[in-house]
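Read the structure below first, then the notes.
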Amino acid sequence: MQNARKRAEKILRKYKISTAPINIMKIVKGEKLCLVPWSFKGRLEEVYLGDCIGVKKDLPCCQRRELISHALGHHFLGDGNHCYYATHNHLVLKRQERGAQYFACFLLMPRVLLKKTKKMRPAELADYFCVTEKFAKKRLRLERALKS
């Protein structure tokens with residue numbers, strides 16, 4: 001988890017991103033990655049392959065941001081090519097998947113900005129960072145785990 005956090009913070013510094021919501025397209029373009037809206041069937045929602053990120057069409061903006069950030073996690077953590085499914089029941093969550101998800105959490109909701117929003121509830125945090133409430137809650141759990 002610490003590696004994902006440090007790497008996300010390094011990327012935010014590299015691209016001089018310090019305000020919410022995090023401009024992930026600046027990172028995608030800066031890394032010269034292609035982002036392709038895709039008509040995935042079934043549970044598949046995102047794939048990172050080579051220098052390309054495919055994301056299921058017609059998803060809400062917040063969900064798309066989370067999936068793109070997850071793919072960026074694979075890119076920056078050097079995990080190689082991966083797919084992301086809508087439900088994890090059918091996907092064995094490997095270490096790389098957890099790392100990519102941690103990276104996405106720390107990228108979209110950086111610690112420095114999270115500290116400034118201490119009094120916000122998860123729904124307010126979700127709006128502020130342009131993520132889903134479920135994602136915001138996950139990020140808050142990670143923050144508690146870092147403190148313990």
Given the conditions (1) touching a helix residue (DSSP H, G or I) at 6+ places or on another chain (Cβ under 9 Å); (2) at pLDDT below 95, report the number of the one that TYR15 does not fulfil. (2)
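Please verify whether ALA4 is modelled with pLDDT of 90 or more, touching a strand residue (DSSP E or B) at 6+ places or on another chain (Cβ under 9 Å) and in a helix (DSSP H, G or I), treating the condition exactly as stated. Let's see the steps before the verdict.
Numbers: modelled with pLDDT of 90 or more: yes; touching a strand residue (DSSP E or B) at 6+ places or on another chain (Cβ under 9 Å): no; in a helix (DSSP H, G or I): yes.
Against the criterion (modelled with pLDDT of 90 or more, touching a strand residue (DSSP E or B) at 6+ places or on another chain (Cβ under 9 Å) and in a helix (DSSP H, G or I)), ALA4 does not qualify.
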Look at the range 99-139 and say how many of its residues are in contact (Cβ under 8 Å) with a residue 24 or more places away in the chain and outside any loop (DSSP other than H, G, I, E, B). 21
Residue, surrounded by the most Cβ atoms within 10 Å (Cβ to Cβ), within the range 1-21, restricted to residues that are under 10 Å from PHE106 (Cβ atoms) and hydrophobic (A, V, I, L, M, F, W, C): ALA8
Would you point out which residue out of ILE53, ILE17, ILE68, ILE22 is free of Cβ contacts under 8 Å to residues at least 12 places away in the same chain and under 28 Å from LEU113 (Cβ atoms)? ILE17
Since LEU125 meets every condition but one in (1) surrounded by fewer than 17 Cβ atoms within 10 Å (Cβ to Cβ); (2) in contact with a helix residue (DSSP H, G or I) (Cβ under 6 Å, 6 or more places away or on another chain), which condition does it not meet? (1)
Does the range 34-52 contain at least one residue that is buried (at least 17 other Cβ atoms within 10 Å of the Cβ), in contact with a Lys or Arg (Cβ under 9 Å, 6 or more places away or on another chain) and closer than 14 Å to LEU107 by Cβ? no
If TYR48 passes every condition in (1) closer than 17 Å to PHE135 by Cβ; (2) of a type outside the set (S, T, N, Q); (3) touching a helix residue (DSSP H, G or I) at 6+ places or on another chain (Cβ under 6 Å); (4) modelled with pLDDT under 95 but one, which one does it miss? (1)
Among residues of the range 1-48, those that are in contact with a Phe, Trp or Tyr (Cβ under 8 Å, 6 or more places away or on another chain), over 22 Å from LEU146 (Cβ atoms) and hydrophobic (A, V, I, L, M, F, W, C), counted: 3
Applying the selection to the range 37-71, what residues are closer than 25 Å to ARG98 by Cβ, in a strand (DSSP E or B) and of a type outside the set (Lys, Arg)? TRP38, LEU44, GLU45, GLU46, VAL47, TYR48, LEU49, CYS52, ILE53, GLY54, VAL55
Condition first: in contact with a Lys or Arg (Cβ under 8 Å, 6 or more places away or on another chain), under 18 Å from ASN3 (Cβ atoms) and among the aliphatic types (A, V, I, L, M). Now tell me which residues in the range 97-141 satisfy that. LEU108, MET109
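Looking at the range 76-89, which of the residues that are modelled with pLDDT of 60 or more and closer than 14 Å to TYR102 by Cβ is surrounded by the fewest Cβ atoms within 10 Å (Cβ to Cβ)? Step through it out loud before you land on a result.
Step one: of the range 76-89, the residues modelled with pLDDT of 60 or more are 76-78.
Then keep just the ones that are closer than 14 Å to TYR102 by Cβ; that gives 76-77.
Details: PHE76: 19, LEU77: 17.
Ranking the qualifying residues of the range 76-89, first place goes to LEU77.
The values are calculated or read from the model by the stated rules, or taken from the named source; none is laboratory data. The structure displayed is predicted, hence computed values, not measured ones. Reconstructed Cβ throughout: ideal geometry from the backbone, glycine too, with neighbour counts over all protein chains shown.
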